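A short write-up of the structure that comes next.
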2 protein chains.
Amino acid sequence: MINSSTSSASSKARGKTSTKEAYEQIGKKLHEKKLLMATLKDEITVLKNQNPIDKDAIKKKGKEIDDLNTEISQITKEWNRANPDKLHIDPEEFNELLTRRFFVVPSFEIYGGVAGLYDYGPPACAIKANLLDLWRKHFVIEENMLEVDCSSLTVEPVFIASGHVQRFADWMVKDVLTNECFRADKLVGEFIDTQLEKNPNLSQETAEEYHLVKKKIDDYDGKGLDELIKKYGIKSPTTGNELSEAYPFNLMFSTPIGPTGKVKGYLRPETAQGIFVNFKRLLEYNGKQMPFASAQIGQAFRNEISPRSGLLRVREFTLAEIEHFLNPERDVHPKLEQVKHIRVPFFSRENQTQGLSPIEMTIEEALEKKWLTSFTHAYYIARVKMFMDQCGVLPGAIRFRQHLANEMAHYARDCWDCELLTSYGWIEVVGIANRSCYDLERHSEHSKNELVAYETFDKPIIEEYIAVEPVKQKIGKILKKDQEPVIEYLTSLPDEKKLELQRELDQTGKITIRVPELDRDVELTSDLISFPKRENKIQGTHYNPAVIEPSFGIGRIIYCLLEHSYWVRPKQEHTDEDKLQRCVLSLPPVIAPYKVVVLPKLQNSEYEPVVAKLQKLLSRNGISYRVDTANQNIGKRYARADDIGIPFAVTVDDGSVSDDTVTIRERDSCEQVIVPMNEVVSVLTNLIDSNKTWEEIKQQYPEQKQTASDKVGKKQVK
Amino acid sequence: MINSSTSSASSKARGKTSTKEAYEQIGKKLHEKKLLMATLKDEITVLKNQNPIDKDAIKKKGKEIDDLNTEISQITKEWNRANPDKLHIDPEEFNELLTRRFFVVPSFEIYGGVAGLYDYGPPACAIKANLLDLWRKHFVIEENMLEVDCSSLTVEPVFIASGHVQRFADWMVKDVLTNECFRADKLVGEFIDTQLEKNPNLSQETAEEYHLVKKKIDDYDGKGLDELIKKYGIKSPTTGNELSEAYPFNLMFSTPIGPTGKVKGYLRPETAQGIFVNFKRLLEYNGKQMPFASAQIGQAFRNEISPRSGLLRVREFTLAEIEHFLNPERDVHPKLEQVKHIRVPFFSRENQTQGLSPIEMTIEEALEKKWLTSFTHAYYIARVKMFMDQCGVLPGAIRFRQHLANEMAHYARDCWDCELLTSYGWIEVVGIANRSCYDLERHSEHSKNELVAYETFDKPIIEEYIAVEPVKQKIGKILKKDQEPVIEYLTSLPDEKKLELQRELDQTGKITIRVPELDRDVELTSDLISFPKRENKIQGTHYNPAVIEPSFGIGRIIYCLLEHSYWVRPKQEHTDEDKLQRCVLSLPPVIAPYKVVVLPKLQNSEYEPVVAKLQKLLSRNGISYRVDTANQNIGKRYARADDIGIPFAVTVDDGSVSDDTVTIRERDSCEQVIVPMNEVVSVLTNLIDSNKTWEEIKQQYPEQKQTASDKVGKKQVK
C-alpha cells in the first residue's frame, strides 16, 4: 500500500477524479453563457437590420460576442476536465511514456503490427509478475484455492456445452464495396454520440429516442440493428459506402487440431471452462468437501471485430479467474464476518436506470438492503475491493456496477463489475458473476458425466410410503408366471390406491384387480399380499453446485494502475530539464517493477565496492532492484527511476566512502535521508512492507541536503 | 537442493540408472544362451529325424529347451531393466499416482480428450510456479535479463522471415482408405525397430542397412521416405491399408485474425521471435549497451501429427527462453570464470557417431579441447547444468548431447541439448543453440528495419585513401557545367589510377582524361586539381548481433523431475496398507508443491488453536503449507503428503498442548524430532534453504518415538 505520507504528496498532481456536483455546476454556468450568447446574437441581428446602421454599436456587440465565445470555449474545456466519468491525464504525454520506457508496444511493430495485439516490455512484465504474485497470495493462498493450469486449445464440444459456439458472437456489418467490417452496435452508438454532440438543437423527442436506443443497444438483434442503420442512414464511417445486412460473427479464434483437419478446436475465450470440465477431479482432490474454490491464471483469446481503446480491448489477454463452487441451498461463507465492514461504492441497477450516482456502503448494509442477495457473492465483492486498494487504485476512481438485465452474459444470474475510472471512461476490470448452476448442469448434460456434489443431511429425512409386500412362496405357487406383471402393476399404483386396496383386504379378506398387461381379473387374498406403511431414511442428496466467479482482466488492471499512478511533477524554476523527465508513476511498492534503484552519484571507482555490497545485501534479502550507472547526472537518473515507478533510490556518494552511509530518496516527495549502511535493508524493508511511513523514517534519520544536480527530483508538491 | 542426508536415504529405492558395462555383460550372457538354444534346437531336430525315434531322449531335450527358454526370458527382462538408456520405474504405478493425485490429466477428459493436450492439477501447478520462480531467480534476476511478454498470436510475415512457414514441417502419409495420418519418418523408424527386435536372425547386411537408415532418418525428404516405404512394404499400422505419398505438413496452428479472414495468423511454435522483432526497443531500453540477454516465459503451440510419450510430446506447452545477443567478434562472458570448474557430462557429435559414452569434464576442459568453441555458449551450458542440479535431477541421469549435423534446426550453427533420462529414454529438456546472426539478419531483410547494434572501436581505425581535390573557384570558371561530371568521373576511379594521375601531374604539370559522359578529352593542369593521400578515422561499426539461445521445455522438465524423484517405499511387515500408499516423490524443497504439511495427530478440539497458530506462523514467514485434517490415521496422511512430495510434516499432538512442542518429520527418512513451538519456523527455514541438514537438526533435538500408526511412514531404506 502507498504510505499515507507519500500518497498525499503526489495525489494533488496525479490524474484526478471530479465530483458530479462540480461537473453539474460548470455545466449550468455553460448553459447560462450559451443563453447569453443567443441574446447577443439576436441583438446584433437587430442592430444590423437597423437603418441607418450604427457601425460602432455593431462593432461593440461583435466584440462582446467574441469575448463571450472565448469564455464559452474556456468553460467548455473546464467542463470536459470536470467530467466525473473520465480520468484527466494528458493522453499524448502518457502514451509517450508507455512507449518510450517500453511498457507496452504493438506486437510485431516492425512488420506494421495488427490491431489488438500488444507486447509487454521489461517494466510492464515485472509489474505483471508482481500483480499476479499479489493475486495468488490474496486469493489462492489465503483461501486455500485449488489452482489449475489448463489448455488454451479446446475442442468444440466444450464450447457447444458452454453456449459459446452458439452465443459468443457480435453482429457485424460490411462495407459493401471494400468489405471492411464494423460492429453494428458500435456504429449505431457512434452515430448517436455524434448526433447528440454536434446538434445541440435536436428536438427533445429525437434526443430522447437516441438516448433510449443507446441504452438498449444490447437488446437489438441483427434485424433490429439493420432497421436502425436504415432509419438513421448510417454509412461506412471510412468510405461513406452502403453497409451490408448485419450477420453474427463468433468471437472465438478457431483452428483445427491434428493433421486431418477434422477435429475442430478453439482458443478459449475464458479460462473458466477448464475448471468446470475438471470439476469431478477437483472435488475428489478436495476430499469430496464442499464448498471449495478453484483458480486459474492463463491466456484467453477473443477475435474482436474492431479492437480499440489501446490496451483495453485486445485480442489476447491474461485472465485470472476463480470459480467458487457451493451448494446453492447453503450460500454462506465462514469468513464473511471478517469483511462485513468493508466499504464499497455500489452502483446498482436502480441507481443506473434512475440516473443516480453510486452509493458507498458496507457489505453488511448492502446485504441488509438486499442489493446483494448471495452471501458468497458479497464476500468476493469485499475481497476484490480489498485487492484493488492494495494495488493502489485512486480513491474515488473505483465503483462496483451491477449489470443491467440486458447486458448479462447468457450464463449469469447476477453480475457486479468492478470498474475503474480511466481517460477512456469507466472500464470493467473484474467481473464478479453469480453463474448459478448453469455451467455444471450444461456440462453434465452434454458430456453425460454427472458433475454433482453430495450433501449429507444433518439428520436423515424420513419419507413415508406404502409398500407392496407379497408373501412370495404362496403367491408364486398360485400366480406362477403371472406373478411378475401383477406385482409390477400393483407397485405402479399411487399410494392412495394401495391404501384403498389394503382397506378392502382388511374388510373383505380379498381384492380383485384387473391387470392391463394380462387382460384378466386376478383375485388376491389377504394371506398372499399386504400394503403396509413403511419409511425411507434419506441420508443426503446429490446436487449441481452453483458457481460464484470473480474474473480478473490482468492487462486492464495493469493499464488502469498505470493511469491512476501517473502524474507530472510541476516544472521547476531553476532547472532546464525537458518535460519528458518529469513523469512519475506513484505505484505502490508491491506493484512497482523494482523496489529500489541503486545510483552511484558520480562515475567514481571508489563507489564501486559500495555498490557491489548494496547489490549483495538487496539480493540476499529478496528486494528487487536495478543499478543505474549511466554517465548522466543524478537528477536525470532519478527522473528515469520515477518514470517507471521505482519507489526508493539508494544513492552512493562520498559519505558512503568516508562514513559508511548512503542516501535513501522517496520517489513521491523527493525527500532524502542519510542512513548507515548496516541499517539500509531494515529501513527499506519497513518502507516496502508499509511497516513504517516515510514520515517516521524522516524523524529517525538526518535529512540529506540536496545539491543543484538533485533539483529535478526535488519535492514540489506538498 | 536435497539435503545430503535425505537423498542418500531414498536414492537406493528411487528409479535408478545403470552402467553401460553392466548392460553389456548381461547382453553377452543373453547372446551365449541364445547360441546354446540354437544348438539344442539342432540337436532335437536330429533326434526327431532318427529312426527309430528315441522318445525319452526327445522328451529330455524338450525339457532342456523349455528350461532354457524360461532362463532366456528372465535374462531378457533383466537386460531390459539394465538398459542404461532408460529409467527403471513401474510406469503403471507411476502413472496411477499422477492421475490419482491430480498432477496431470488429459484436457477435457469428460468429452473424451484429444491427444497431446493436458491440464495440470493443483500439485503440478504449484510445482510449475516454483520451477518458474527458480528459473527467474537463477537466470533473469542473476543476469539482469530483460524479460518480455509477447503475443502468442502472430502475423504471417514474422514466420516467413524466421523460416517457419517454409521449413517448420514434418513429412506425413495418409492411410488411403481411412485418411488416418502418420509421420512418415516415425513409421519407417518403428518398422526398423520391430524388424530388429523380432528377427534376431537378420542378415548382418540387412541389420546394418536398417541401423544406417534409422541414424540418417532426418536426412530423407518426401521422395526418399516414399522409396523406403515402398521398399520395406510398410502399410498403415492400424489397418494394414496402403499409404499415400509423403507430403509436408506445417506444424504451426493457423487461424485468421480479425473479421475479414484475410490476415493470416499462427500460434507461435516458440517464444523467441517475439524477442527478435523487439530487438531495437530492447537495445534502446538497455541504454544501447551490448551484450545483453532478453527472456520470455510463455505458451507455445505445435500441431504434432501424432503426439505420444505422454507429457513429452504435446501440442501446447510452456517455454522459458533466453536470447543472449552478442557481437560475434567479441564472444566473451565476464562471468565465465565463475563457472569454469562446473563438471558436465558431454556427449559430443564424435562420441555419438563412434558409439562412445558421454564424457564428464569441466567447462574449462571442454573449451580447451575445442568441444565448445563459443565462450558464451559454454557459459550457458554451465548455468543450465547448475540449474538442473538445483531442481533435483538424478545424478547420472543428465547429459549434454551435441546435435548431429543432420538434426540441427535451420537456424542453428551449433546446438547442445540438455537431456534427462526417463522411462521413455533420453529426452531433450533444454536446447542450447548457437543461432549465430541468422534471426536478426532475416528480420532485418524482411522487415526493412536495420536490427543492428553499434560497436565503438577501442581506438578509431585509420583508413588511408586517395582524395580528389579540385581548386573549386578556378576549375569552375574553366569547366563550367562540365565540372560536375568530370569530378564525379575522377572520384569513381580506383586509388591506383588516381596515384598515376598525380604522378603525371607532378611530372608534366597536366593530365588529359577522357570523360565517358562528355565523350571528349578534358585537360587539367596542376593548379586546378590534385590527388593527395588522406585518412579516414572510423570510430565504430554496425553489426547484426549473434544469438545464443537456451530454450527450456518447462512441462518436460516437470515430468522428468517427477520420474527422477519417484520411488516406492518398501512394504512393511507389520502394516496392511495397500501399495498405493507407499509412493514417495523426493522433490527438493525448492520444487516441492508445498514445503510443509500440518497434521493434527487426532481429531481433537484441543489441537485446533495450535494448528491455527502454526498456520499464522508459516504464512507470515512465507512458507507454503497445506493442512490435512481428514479423519484418517496419521500414517495414511503422511503417505498422502509423501505422494505429492511435501518434504516436511509438522504434527500437532498431546505434547503440543502440554509442552508447547510439535513433531517435525522428514519425508525421505521418516525420522521425527520434537521441536519447541517457538523454534519451528527457524528449523523449517534452515531445512528448506539447505542451511542445515536433517542430520544436524537430529543432533539438536530429541527424537520422537514412533507409534504403530506412524508405521507406514517409518524409515525403511537406509
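The values are calculated or read from the model by the stated rules, or taken from the named source; none is laboratory data. Treat the numbers as computed from the prediction; the structure is a model and nothing was measured. Backbone-built Cβ (ideal geometry, glycine too); neighbour counts: all protein chains shown. Quick note on the areas: whole protein, heavy atoms, side chains included, nothing else; ligands and nucleic acids left out. Shrake-Rupley method; radii C 1.70, N 1.55, O 1.52, S 1.80 Å.
The residues of the range A:322-339 that are in a loop (DSSP other than H, G, I, E, B), more than 14 Å from chain B (Cβ to nearest Cβ) and either open to solvent by 50 Å² or more (accessible area, probe 1.4 Å) or closer than 22 Å to B:T629 by Cα (or both), listed by number, are A:N327, A:V332, A:H333. For the range A:461-491, what are the residues that are within 60 Å of the chain's Cα centre (by Cα) and of a type in the set (A, V, I, L, M, F, W, C)? Within the range A:461-491, A:I461, A:I462, A:I466, A:A467, A:V468, A:L490 meet the criteria.
Every residue, every condition in (1) within 14 Å of chain A (Cβ to nearest Cβ); (2) more than 30 Å from B:S669 (Cα to Cα); (3) outside any helix (DSSP H, G or I); (4) among the acidic types (D, E), yes or no:
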residue	(1), (2), (3), (4)
B:E24	no, yes, no, yes
B:T39	no, yes, no, no
B:N51	no, yes, yes, no
B:A57	no, yes, no, no
B:K61	no, yes, no, no
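Pull up the range B:423-441, narrow it to residues that are more than 12 Å from chain A (Cβ to nearest Cβ) and in a helix (DSSP H, G or I), then point me to the one that is farthest from B:Y559 (Cα to Cα). My answer is B:E441.
Residues B:Q166, B:Q204, B:Q195: which one is away from chain A (no Cβ under 11 Å) and open to solvent by less than 50 Å² (accessible area, probe 1.4 Å)?
Exactly one residue qualifies, and that residue is B:Q195.
Say we look at the range A:179-192 and pick out the residues that are of a type outside the set (D, E) and within 10 Å of another protein chain (Cβ to nearest Cβ); which of these is surrounded by the fewest Cβ atoms within 10 Å (Cβ to Cβ)?
Only one residue tops the list, namely A:N179.
For the range B:384-406, taking the residues that are polar (S, T, N, Q) and open to solvent by 20 Å² or more (accessible area, probe 1.4 Å), the one that is farthest from B:F139 (Cα to Cα) is identified as B:N406.
One residue stands out among those in the range B:299-321 that are at the interface with chain A (Cβ under 9 Å from one of its Cβ atoms) and polar (S, T, N, Q): the one that is nearest to B:F182 (Cα to Cα), which is B:S306. Looking across the range A:74-95, the residues that are open to solvent by less than 60 Å² (accessible area, probe 1.4 Å) and more than 27 Å from the chain's Cα centre (by Cα) come down to A:I75, A:T76. Checking each residue in the range B:473-505 for being closer than 21 Å to B:E535 by Cα and open to solvent by 100 Å² or more (accessible area, probe 1.4 Å) picks out B:E488, B:E496, B:R503.
Only a single criterion out of (1) modelled with pLDDT of 90 or more; (2) closer than 23 Å to B:K705 by Cα; (3) in contact with a strand residue (DSSP E or B) (Cβ under 7 Å, 6 or more places away or on another chain) is not satisfied by B:R640, namely (3). All conditions in (1) modelled with pLDDT of 90 or more; (2) surrounded by fewer than 14 Cβ atoms within 10 Å (Cβ to Cβ) hold for B:C437, with the sole exception of (2).
In the condition set (1) within 30 Å of A:L311 (Cβ to Cβ); (2) away from chain A (no Cβ under 12 Å); (3) open to solvent by 10 Å² or more (accessible area, probe 1.4 Å), B:F139 is compliant with all but (3).
Yes/no per residue for (1) among the small types (G, A, S); (2) more than 10 Å from every other protein chain (Cβ to nearest Cβ); (3) under 21 Å from A:G392 (Cα atoms):
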position	(1), (2), (3)
A:V105	no, no, no
A:Y120	no, no, yes
A:L134	no, yes, yes
A:V176	no, yes, no
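Of the listed requirements (1) at negative phi; (2) at pLDDT below 90, B:A649 misses just one: (2).
Inside the range A:366-383, residues that are in a helix (DSSP H, G or I) and either within 21 Å of A:I141 (Cα to Cα) or open to solvent by 10 Å² or more (accessible area, probe 1.4 Å) (or both) make up a count of 11.
Return yes or no: is A:E156 away from chain B (no Cβ under 13 Å) and either open to solvent by less than 30 Å² (accessible area, probe 1.4 Å) or farther than 22 Å from B:H443 by Cα (or both)? Spelling it out, it is not the case that A:E156 is away from chain B (no Cβ under 13 Å) and either open to solvent by less than 30 Å² (accessible area, probe 1.4 Å) or farther than 22 Å from B:H443 by Cα (or both).
Scanning the range A:208-243 for residues that are of a type in the set (S, T, Y) and either open to solvent by less than 50 Å² (accessible area, probe 1.4 Å) or closer than 15 Å to A:V188 by Cβ (or both) gives A:Y210, A:Y220, A:Y232, A:S236.
Residues of the range A:247-273 that are more than 8 Å from every other protein chain (Cβ to nearest Cβ) and of a type in the set (A, V, I, L, M, F, W, C): A:L251, A:M252, A:A272. Sub-8 Å Cβ pairs linking a first residue in the range B:275-287 that is on the phi < 0 side of the Ramachandran plot to a second residue that is assigned to a loop (DSSP other than H, G, I, E, B) and among the basic types (K, R), at least 6 apart or interchain, are B:Y285/A:R101, ordered by first then second residue.
Scanning the range A:96-131 for residues that are part of a helix (DSSP H, G or I), in contact (Cβ under 8 Å) with a residue 60 or more places away in the chain and open to solvent by 30 Å² or more (accessible area, probe 1.4 Å) turns up A:E96, A:R100, A:N130. For the range A:244-258, taking the residues that are touching a Phe, Trp or Tyr at 6+ places or on another chain (Cβ under 8 Å) and in a loop (DSSP other than H, G, I, E, B), the one that is surrounded by the most Cβ atoms within 10 Å (Cβ to Cβ) is identified as A:A246. Scanning the range B:507-523 for residues that are charged (D, E, K, R) and surrounded by 11 or more Cβ atoms within 10 Å (Cβ to Cβ) turns up B:K510, B:E517. Whenever a residue of the range B:379-407 is on the phi > 0 side of the Ramachandran plot, its partners that are open to solvent by 10 Å² or more (accessible area, probe 1.4 Å) and modelled with pLDDT under 95, lying with C-beta atoms within less than 6 angstrom and at least six residues away or across chains, give the pairs B:G392/B:I2; B:G396/B:T17. Is at least one residue of the range B:278-298 among the acidic types (D, E) and within 9 Å of chain A (Cβ to nearest Cβ)? Within the range B:278-298, one or more residues are among the acidic types (D, E) and within 9 Å of chain A (Cβ to nearest Cβ).
Within the range A:442-460, residues that are away from chain B (no Cβ under 14 Å) and farther than 23 Å from A:Q166 by Cα sit with their Cβ atoms under 8 Å from residues that are open to solvent by 100 Å² or more (accessible area, probe 1.4 Å) and part of a helix (DSSP H, G or I), at 6+ positions apart or across chains, in these pairs: A:E455/A:E329; A:E455/A:R330. Name the residue, out of B:S551, B:S526, B:S530, that is closer than 30 Å to B:D417 by Cβ, surrounded by 14 or more Cβ atoms within 10 Å (Cβ to Cβ) and polar (S, T, N, Q). Answer to the check: B:S551.
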